[in-house]
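Here it is: the structure, laid out below.
The values are calculated or read from the model by the stated rules, or taken from the named source; none is laboratory data. The structure presented is a predicted model; accordingly, all values stated were derived computationally and were not measured. Please note: Cβ atoms are built from the backbone with ideal geometry, for glycine as well, and neighbour counts cover all protein chains shown. Side chains included, ligands, DNA and RNA excluded: accessible areas come from the protein's heavy atoms. Shrake-Rupley method; radii C 1.70, N 1.55, O 1.52, S 1.80 Å.
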Amino acid sequence: MKEHLMRNINIISRCASLYRDEHLKHTGISGWQAPYIPKILSDPGITQDQLAAVLHVNKSNVTRQLSMLEENGFVERKRSETDKRAVEVYPTKKAEEVEPEIRRVYGEWRNQLFSGMDEDERDMLEEILEKLAKRAEDIR
(Lines give C-alpha, C1' and ligand atoms only; values in the text may rest on other atoms or scores of the structure.)
Protein backbone atom coordinates (compact mmCIF):
# COMPACT_ATOMS: atom_id res chain seq x y z
CA MET A 1 0.00 0.00 0.00
CA LYS A 2 1.34 3.40 -0.94
CA GLU A 3 1.65 5.81 1.96
CA HIS A 4 1.84 9.02 -0.03
CA LEU A 5 -1.88 9.80 -0.39
CA MET A 6 -1.96 12.58 2.21
CA ARG A 7 1.40 13.94 1.10
CA ASN A 8 0.14 14.23 -2.48
CA ILE A 9 -3.20 15.74 -1.42
CA ASN A 10 -1.35 18.30 0.71
CA ILE A 11 1.00 19.17 -2.15
CA ILE A 12 -1.94 19.73 -4.50
CA SER A 13 -3.77 21.84 -1.89
CA ARG A 14 -0.75 24.01 -1.13
CA CYS A 15 0.12 24.47 -4.79
CA ALA A 16 -3.50 25.45 -5.49
CA SER A 17 -3.33 28.09 -2.77
CA LEU A 18 -0.05 29.45 -4.12
CA TYR A 19 -1.56 29.55 -7.61
CA ARG A 20 -4.57 31.48 -6.29
CA ASP A 21 -2.24 33.82 -4.38
CA GLU A 22 -0.37 34.68 -7.55
CA HIS A 23 -3.37 34.95 -9.86
CA LEU A 24 -5.65 36.84 -7.44
CA LYS A 25 -2.98 39.19 -6.11
CA HIS A 26 -4.42 42.11 -8.11
CA THR A 27 -7.84 41.66 -6.43
CA GLY A 28 -6.65 41.88 -2.83
CA ILE A 29 -7.79 38.30 -2.13
CA SER A 30 -5.27 35.71 -0.94
CA GLY A 31 -5.24 32.07 -1.93
CA TRP A 32 -6.49 31.09 1.53
CA GLN A 33 -9.30 33.70 1.45
CA ALA A 34 -10.60 32.78 -2.00
CA PRO A 35 -12.84 29.88 -0.85
CA TYR A 36 -14.66 32.19 1.58
CA ILE A 37 -16.10 34.57 -1.02
CA PRO A 38 -18.23 32.11 -3.07
CA LYS A 39 -19.50 30.46 0.11
CA ILE A 40 -20.49 33.76 1.74
CA LEU A 41 -22.12 34.94 -1.48
CA SER A 42 -24.13 31.72 -1.76
CA ASP A 43 -25.19 31.87 1.90
CA PRO A 44 -25.34 35.48 3.15
CA GLY A 45 -25.60 35.57 6.93
CA ILE A 46 -23.66 32.33 7.39
CA THR A 47 -22.05 32.30 10.82
CA GLN A 48 -18.34 32.13 11.45
CA ASP A 49 -18.84 28.72 13.07
CA GLN A 50 -20.74 27.44 10.03
CA LEU A 51 -17.96 28.71 7.75
CA ALA A 52 -15.37 26.86 9.83
CA ALA A 53 -17.38 23.66 9.52
CA VAL A 54 -18.09 23.87 5.80
CA LEU A 55 -14.55 24.94 4.88
CA HIS A 56 -12.99 22.44 7.30
CA VAL A 57 -10.75 24.99 9.01
CA ASN A 58 -10.19 26.04 12.59
CA LYS A 59 -12.44 28.76 14.00
CA SER A 60 -9.37 30.88 14.71
CA ASN A 61 -8.39 30.70 11.02
CA VAL A 62 -11.89 31.80 10.01
CA THR A 63 -11.71 34.75 12.40
CA ARG A 64 -8.30 35.76 11.05
CA GLN A 65 -9.28 35.49 7.38
CA LEU A 66 -12.59 37.28 7.92
CA SER A 67 -10.83 40.11 9.74
CA MET A 68 -8.64 40.67 6.69
CA LEU A 69 -11.57 40.33 4.29
CA GLU A 70 -13.57 42.82 6.35
CA GLU A 71 -10.64 45.22 6.58
CA ASN A 72 -10.33 45.10 2.78
CA GLY A 73 -14.05 45.67 2.22
CA PHE A 74 -15.13 42.22 1.00
CA VAL A 75 -17.39 41.22 3.92
CA GLU A 76 -19.28 42.66 6.85
CA ARG A 77 -19.72 40.85 10.15
CA LYS A 78 -22.71 41.42 12.40
CA ARG A 79 -23.79 39.96 15.71
CA SER A 80 -26.76 37.66 15.15
CA GLU A 81 -30.08 39.05 16.33
CA THR A 82 -31.35 35.57 17.22
CA ASP A 83 -28.17 34.25 18.88
CA LYS A 84 -26.01 36.94 20.46
CA ARG A 85 -23.04 34.53 20.60
CA ALA A 86 -23.02 34.04 16.83
CA VAL A 87 -21.40 36.35 14.30
CA GLU A 88 -23.00 36.40 10.85
CA VAL A 89 -21.03 37.22 7.71
CA TYR A 90 -22.41 39.14 4.75
CA PRO A 91 -20.82 39.85 1.37
CA THR A 92 -20.30 43.37 0.11
CA LYS A 93 -20.59 44.69 -3.41
CA LYS A 94 -16.81 44.30 -3.65
CA ALA A 95 -17.16 40.56 -2.96
CA GLU A 96 -19.79 40.27 -5.70
CA GLU A 97 -17.49 42.05 -8.13
CA VAL A 98 -14.48 39.79 -7.42
CA GLU A 99 -16.35 36.46 -7.51
CA PRO A 100 -16.15 35.99 -11.32
CA GLU A 101 -12.37 36.45 -11.13
CA ILE A 102 -12.11 33.89 -8.32
CA ARG A 103 -14.16 31.39 -10.32
CA ARG A 104 -12.03 32.05 -13.40
CA VAL A 105 -8.82 31.34 -11.47
CA TYR A 106 -10.33 28.17 -9.99
CA GLY A 107 -11.26 27.05 -13.52
CA GLU A 108 -7.81 27.76 -14.91
CA TRP A 109 -6.17 25.82 -12.08
CA ARG A 110 -8.48 22.88 -12.65
CA ASN A 111 -7.85 22.88 -16.41
CA GLN A 112 -4.08 23.00 -15.94
CA LEU A 113 -4.13 20.36 -13.21
CA PHE A 114 -6.16 17.97 -15.36
CA SER A 115 -4.32 18.63 -18.62
CA GLY A 116 -3.12 15.38 -20.13
CA MET A 117 -5.92 13.38 -18.52
CA ASP A 118 -8.87 12.17 -20.55
CA GLU A 119 -12.44 12.71 -19.40
CA ASP A 120 -12.79 9.18 -17.98
CA GLU A 121 -9.64 9.61 -15.87
CA ARG A 122 -10.85 13.00 -14.57
CA ASP A 123 -14.29 11.61 -13.74
CA MET A 124 -12.83 8.57 -11.98
CA LEU A 125 -10.39 10.65 -9.98
CA GLU A 126 -13.08 13.10 -8.89
CA GLU A 127 -15.42 10.25 -7.94
CA ILE A 128 -12.74 8.59 -5.83
CA LEU A 129 -11.76 11.85 -4.16
CA GLU A 130 -15.41 12.63 -3.35
CA LYS A 131 -15.70 9.23 -1.65
CA LEU A 132 -12.51 9.87 0.32
CA ALA A 133 -13.67 13.36 1.33
CA LYS A 134 -17.01 12.02 2.55
CA ARG A 135 -15.27 9.25 4.47
CA ALA A 136 -12.87 11.77 6.02
CA GLU A 137 -15.82 13.89 7.19
CA ASP A 138 -17.47 10.81 8.68
CA ILE A 139 -14.42 9.78 10.71
CA ARG A 140 -13.45 13.29 11.75
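Give all pairs with beta carbons closer than 8 Å in which a residue from region 71-86 that is without any contact (Cβ under 8 Å) to a residue 12 or more places away in the chain meets a residue that is acidic (Asp, Glu) and open to solvent by 100 Å² or more (accessible area, probe 1.4 Å); count only pairs at least 6 apart in sequence or on separate chains.
none
Of GLN33, GLN48, which residue is in contact with a Ser or Thr (Cβ under 7 Å, 6 or more places away or on another chain) and of a type in the set (S, T, N, Q)? Reasoning before the result, please.
On the way: GLN33 fails: in contact with a Ser or Thr (Cβ under 7 Å, 6 or more places away or on another chain).
After applying the criteria, what remains is GLN48.
A follow-up question, please. Hey, can you tell me all the residues within region 42-56 that are of a type in the set (A, V, I, L, M), part of a helix (DSSP H, G or I) and in contact with a helix residue (DSSP H, G or I) (Cβ under 8 Å, 6 or more places away or on another chain)?
LEU51, ALA52, VAL54, LEU55
Taking region 57-94, which residues are surrounded by 12 or more Cβ atoms within 10 Å (Cβ to Cβ) and part of a loop (DSSP other than H, G, I, E, B)?
Narrowing region 57-94 to residues surrounded by 12 or more Cβ atoms within 10 Å (Cβ to Cβ): 57, 59, 61-70, 72-77, 80, 86-92, 94.
Matches in region 57-94: VAL57, ASN72, GLY73, PHE74, SER80, ALA86, THR92.
Of the conditions (1) out of contact with any Phe, Trp or Tyr (no Cβ under 9 Å at 6 or more places or on another chain); (2) farther than 24 Å from ALA136 by Cβ, MET6 satisfies every one except a single condition; which number is it?
For MET6, the exception is condition (2).
I've got another one for you. When the residues of region 1-20 are narrowed to those that are within 15 Å of the chain's Cα centre (by Cα), open to solvent by 60 Å² or more (accessible area, probe 1.4 Å) and not hydrophobic (A, V, I, L, M, F, W, C), which ends up farthest from VAL75 (Cα to Cα)?
ASN10
Let me confirm something: among LEU51, LEU129, which residue is open to solvent by less than 90 Å² (accessible area, probe 1.4 Å), out of contact with any Lys or Arg (no Cβ under 7 Å at 6 or more places or on another chain) and closer than 26 Å to ILE12 by Cα?
Just one listed residue meets the conditions, LEU129.
For region 43-79, which residues satisfy the criterion of being β-branched (Val, Ile, Thr), touching a Leu at 6+ places or on another chain (Cβ under 7 Å) and within 20 Å of LYS93 (Cβ to Cβ)?
VAL75
Of these, GLU121, GLU101, which one is touching a Leu at 6+ places or on another chain (Cβ under 8 Å), in a helix (DSSP H, G or I) and acidic (Asp, Glu)?
So the residue among GLU121, GLU101 that is touching a Leu at 6+ places or on another chain (Cβ under 8 Å), in a helix (DSSP H, G or I) and acidic (Asp, Glu) is GLU101.
List pairs: first in region 34-61 and within 19 Å of LYS134 (Cα to Cα), second among the basic types (Lys, Arg) and open to solvent by 50 Å² or more (accessible area, probe 1.4 Å), Cβ under 6 Å, 6+ apart or cross-chain?
Short answer, once both residue conditions are applied: ALA52/LYS59.
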